[in-house]
Amino acid sequence: MRTLTDPGRNSFWQAYQRRVGQVIKAAAYLAGLLILAIGFFVFYEVVLRYAFDSPTLWVMDYSIYFAMWAAFLGSAQTMRTRGHVLVDVVTAKLGAKEQRLIRIGVHAVVLSFALTLTAAGVRSTYSAFVMNELTMSALYIPLYYPMSSIPVGSFLLALEEVGSLAGLITNLEPDPEEVVHQ
């Protein structure tokens, strides 16, 4: 019978973390490109508005929707590289075993949140698609385009959390410095 610490099981989780890491890294690069596009959009808007007195109708909407996508696409990479704010005043005083148990608990809570947000996001996005809802802007963009960022990004976060939990449970958690510098 295989256990969670069986070498065959560990190679599965290592492959899982490698593949999920590649997907998450691609999503993070896409998030970066979206932020870069927002910068170009805003620059374009400023030039048109102040140099030619001809503001656009689309820059604000697309900037907001791209920012939504960037935030959700980048959330898994931020979690993967431990880029979120961490307050460790209490946990720093605990032993390694207690810290590991707390990290398992935290990752379990984040996983349940990500799965809940994924499910709610799928329902909301599907509803917006079926009802043909449009944004309340001058462009009338179908609402499911920006809303789909929620289930996609949340699902990526859930995949990352599954890998993090498996790594903690099987003692395969990568060294934080190694993850940050990949």
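Only the coordinates and a few stated rules stand behind these numbers; no lab work does. Everything numeric in this text was worked out from a predicted model, so none of it was measured. Cβ atoms come from the backbone with ideal geometry, glycine included; neighbour counts cover every protein chain shown.
Quick one: dipole size for the chain, taken about the Cα centre, charges +1 on Lys/Arg Cβ and -1 on Asp/Glu Cβ, in debye to the nearest 20. Working shown, then result.
Numbers: 13 positive and 13 negative charges, 109 e Å.
For this selection, approximately 520 debye.
Using helices alone, what [θ] at 222 nm do you get for the chain, with -39,500 (n - 2.57) per DSSP H run of 4 or more residues, divided over all residues and rounded to the nearest 500?
Details: 6 runs with 132 residues, N = 182.
Theoretical 222 nm ellipticity from helices: -25500 deg cm²/dmol.
Given the options P146, Y44, V162, identify the residue whose Cα lies farthest towards the positive end of the charge dipole of region 7-180 (+1 on Cβ of Lys, Arg; -1 on Cβ of Asp, Glu).
V162
Can you tell me the orientation of helix 96-130 relative to the chain, as the angle in degrees between its alpha-carbon axis and the longest Cα principal axis, to the nearest 10?
Value to nearest ten degrees: 30.
Would you mind getting the Kirkwood hydrodynamic radius of the chain from its Cα pairs, rounded to one decimal in Å?
When all Cα pairs of the chain are included, the Kirkwood radius is 18.7 Å.
For the chain, set up a GNM with springs between Cα atoms under 10 Å and report which of A27, A114, A15 has the largest fluctuation.
Evaluated over the chain, the most mobile residue of the options is A15.
Among A70, V85, S54, which residue has its Cα positioned farthest towards the positive end of the charge dipole of region 31-107, with +1 placed on the Cβ of Lys and Arg, -1 on the Cβ of Asp and Glu, and the dipole taken about the Cα centre?
V85
So who's got an amide H within less than 5 Å of the one on L134, skipping anything under 5 residues away but keeping other chains? H placed 1.01 Å off N, in plane.
L143
Have a look at E160, E133, E98 and tell me which one the Gaussian network model of the chain (Cα, springs below 10 Å) gives the largest fluctuation.
Highest fluctuation of the listed residues: E98.
When D53, D61, D88 are ordered from fewest to most other Cβ atoms inside 10 Å of their Cβ, what list results?
Working: D53 7, D61 19, D88 10.
Going from sparsest to densest Cβ surroundings: D53, D88, D61.
In which sequence would H84, H107 go, from the one with the fewest C-beta neighbours within 10 Å to the one with the most? Before the final figure, lay out each step's value.
Numbers: H84 9, H107 22.
Ascending Cβ contact count within 10 Å gives the list H84, H107.
Classify region 8-76: rounded, prolate or oblate, from the alpha-carbon gyration tensor (a ≥ b ≥ c, eigenvalue square roots; a/c under 1.5 rounded; otherwise prolate if a/b is larger than b/c)? Don't skip to the end; give the middle numbers.
Working: a/c = 7.59, a/b = 4.48, b/c = 1.69.
Prolate, since a/c reaches 1.5 and a/b exceeds b/c.
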